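These notes are about the structure you will find just below.
The values are calculated or read from the model by the stated rules, or taken from the named source; none is laboratory data. It should be emphasised that the depicted structure is a prediction, and the values quoted were computed from it without experimental measurement. Cβ coordinates were reconstructed from backbone atoms using ideal geometry, including for glycine residues, and neighbour counts include every protein chain displayed. Quick note on the areas: whole protein, heavy atoms, side chains included, nothing else; ligands and nucleic acids left out. Shrake-Rupley method; radii C 1.70, N 1.55, O 1.52, S 1.80 Å.
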Amino acid sequence: MIEQTRSLGRRNFLQFAARAVVVLPVADLSVAALSGCGRGAKSFAQPSPAGGPKASWETTIASADEPGEPLTISGTIYAPDGRTPLEGITLWVYHTDATGHYSASTGSGDNRNTRLHGVMQTNREGHYEFRTIKPAPYPGHTNPAHIHAYLSGPGYPEYWIDSYLFEGDPFLTNEDRRKAEKGDFSSTLKLSRDKDGMWIGVRDIVIERCSKNCTGL
């Protein structure tokens, strides 16, 4: 059952990537690069070097003067049992700016060079948090606004997880809305505003024991 679910998720991602590939030349990305397929696939969510400092569980991606609506997303990453918080799991995220673009430059062929990106490693309680701005959809296309994400950690080879989406986006599909029924484990976030007007979202994640077939690494 787990393998069937994973296979379905993989197909859903490839379908999403196929829809997005028309606009991804903005950052010169291919479907294979985004999905991690192929022998040449690189690791994006790089953990700290052995003996080096551990990445913080929280990070600020966008500066205070970045155009757009401020957004904070937090959550807990759990073991496959869905109950045990995991420390030291690396989460790498990246997204478009308020105009729907990844970068002003093109031709890099490497989505680690997108302008708005960040990396975290969960703390003892499994928590993570990143502060950024709410991304915009690709200009002139019908992909919902989203934040891409990868997970990795000891015993968990890097793999792509469902992008962070947002309730109320006019481009959400029926499949996206169905996933929203998972509550805090949903990749589609219900946002609220805090007293300062910042958008706040929560997403808890259950990590998978993914084999090398998940990424091609």
field: Failed item, numbered, when residue 125 is tested on (1) under 22 Å from residue 165 (Cβ atoms); (2) open to solvent by 60 Å² or more (accessible area, probe 1.4 Å); (3) at pLDDT 95 or above
entry: (1)
query: Do we have any residue at all in region 161-180 that's open to solvent by 60 Å² or more (accessible area, probe 1.4 Å), aromatic (Phe, Trp, Tyr) and farther than 27 Å from residue 86 by Cβ?
result: yes
- prompt: Under the condition of being open to solvent by 50 Å² or more (accessible area, probe 1.4 Å) and more than 16 Å from the chain's Cα centre (by Cα), which residue from region 201-217 is modelled with the lowest pLDDT?
  reply: 217
